[in-house]
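Asks: Handing you this structure, nothing more for now.
Laboratory data are not the source of any read-out in this text; all were calculated from the coordinates shown. Predicted, not measured: the structure shown is a model, and the values here were computed from it. Neighbour counts are summed over all protein chains in view; Cβ atoms, including those assigned to glycine, are modelled from backbone coordinates with ideal geometry.
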């Protein structure tokens, strides 16, 4: 039964992918309104699976992620990563924006599909990640605030964000190689 929901979701995402991408583009424009240039590309995650799985103990939802390099001015760049993590039964799609040093600039929930646990969409809860890096404290109840009734979502998003902090330097490097 659970697999049918995943297959349906994947088929729907193939048919209607632009809604997620449109919402992501709007969020980027909202966060960095006067950007000079933006570059999008798909980043292959396969070479990084072992690196992240050992530390975070969470798999990537897909073998690639959508990434953006956003140029704000002549010397300021931001990098966005759109990823999914598994909620209780459905994926949670989120956008993490990083500064050029690999620190989190912003985290936004782009699509929350569960009936419960939606409190993780709250700006106050998400802003605790600002400035976090790969070495920050991602322990729930210690470095990250718990939310009653949203335990699975809190753990999933926290691990997902931590996972992205481990690969952001690889993504920055891939944009700069071009």
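Asks: Taking residue 155 as the residue in question, decide whether it is within 17 Å of the chain's Cα centre (by Cα) and farther than 27 Å from residue 21 by Cβ.
Replies: Numbers: within 17 Å of the chain's Cα centre (by Cα): yes; farther than 27 Å from residue 21 by Cβ: no.
Spelling it out, it is not the case that residue 155 is within 17 Å of the chain's Cα centre (by Cα) and farther than 27 Å from residue 21 by Cβ.
Asks: Being surrounded by 12 or more Cβ atoms within 10 Å (Cβ to Cβ), touching a strand residue (DSSP E or B) at 6+ places or on another chain (Cβ under 7 Å) and assigned to a loop (DSSP other than H, G, I, E, B) is the filter here, so list the residues in region 129-143 that pass it.
Replies: Residues of region 129-143 that are surrounded by 12 or more Cβ atoms within 10 Å (Cβ to Cβ), as a first pass: 129-130, 132-134, 136, 138, 140, 143.
Still in the running and touching a strand residue (DSSP E or B) at 6+ places or on another chain (Cβ under 7 Å): 129-130, 132, 138.
130, 132, 138 - these are the residues of region 129-143 that are surrounded by 12 or more Cβ atoms within 10 Å (Cβ to Cβ), touching a strand residue (DSSP E or B) at 6+ places or on another chain (Cβ under 7 Å) and assigned to a loop (DSSP other than H, G, I, E, B).
Asks: Examine region 144-160 for a residue that is touching a residue at least 60 places away in the same chain (Cβ under 8 Å) and either exposed (fewer than 14 other Cβ atoms within 10 Å of the Cβ) or farther than 14 Å from residue 86 by Cα (or both), and state whether such a residue exists.
Replies: Going through region 144-160, the residues touching a residue at least 60 places away in the same chain (Cβ under 8 Å) turn out to be 152-153, 156-157, 159-160.
Narrowing further to those that are either exposed (fewer than 14 other Cβ atoms within 10 Å of the Cβ) or farther than 14 Å from residue 86 by Cα (or both): none.
Taking every residue of region 144-160 in turn, none turns out to be touching a residue at least 60 places away in the same chain (Cβ under 8 Å) and either exposed (fewer than 14 other Cβ atoms within 10 Å of the Cβ) or farther than 14 Å from residue 86 by Cα (or both).
Asks: Tally up the residues in region 40-79 that are surrounded by fewer than 17 Cβ atoms within 10 Å (Cβ to Cβ), touching a residue at least 12 places away in the same chain (Cβ under 8 Å) and within 19 Å of residue 152 (Cα to Cα), please.
Replies: Number of matching residues: 3.
Asks: Right, here's the next one. Can you find a residue that is farther than 24 Å from residue 23 by Cα and in contact with a helix residue (DSSP H, G or I) (Cβ under 9 Å, 6 or more places away or on another chain) anywhere in region 167-174? Can you show your working first?
Replies: Going through region 167-174, the residues farther than 24 Å from residue 23 by Cα turn out to be 169-170, 173-174.
Among the residues that remain, those that are also in contact with a helix residue (DSSP H, G or I) (Cβ under 9 Å, 6 or more places away or on another chain) are: 170.
Within region 167-174, one or more residues are farther than 24 Å from residue 23 by Cα and in contact with a helix residue (DSSP H, G or I) (Cβ under 9 Å, 6 or more places away or on another chain).
Asks: Hey, another quick one. Looking at 82, 95, 126 in this structure, which one is without any contact (Cβ under 8 Å) to a residue 24 or more places away in the chain and not in a loop (DSSP other than H, G, I, E, B)? Walk me through how you get there before you give the answer.
Replies: Details: 82 fails: without any contact (Cβ under 8 Å) to a residue 24 or more places away in the chain; 95 fails: without any contact (Cβ under 8 Å) to a residue 24 or more places away in the chain.
Residue meeting the stated conditions: 126.
Asks: In this structure, does residue 35 turn out to be assigned to a loop (DSSP other than H, G, I, E, B) and either over 17 Å from residue 176 (Cα atoms) or out of contact with any helix residue (DSSP H, G or I) (no Cβ under 6 Å at 6 or more places or on another chain) (or both)?
Replies: Details: assigned to a loop (DSSP other than H, G, I, E, B): yes; either over 17 Å from residue 176 (Cα atoms) or out of contact with any helix residue (DSSP H, G or I) (no Cβ under 6 Å at 6 or more places or on another chain) (or both): yes.
In short, yes.
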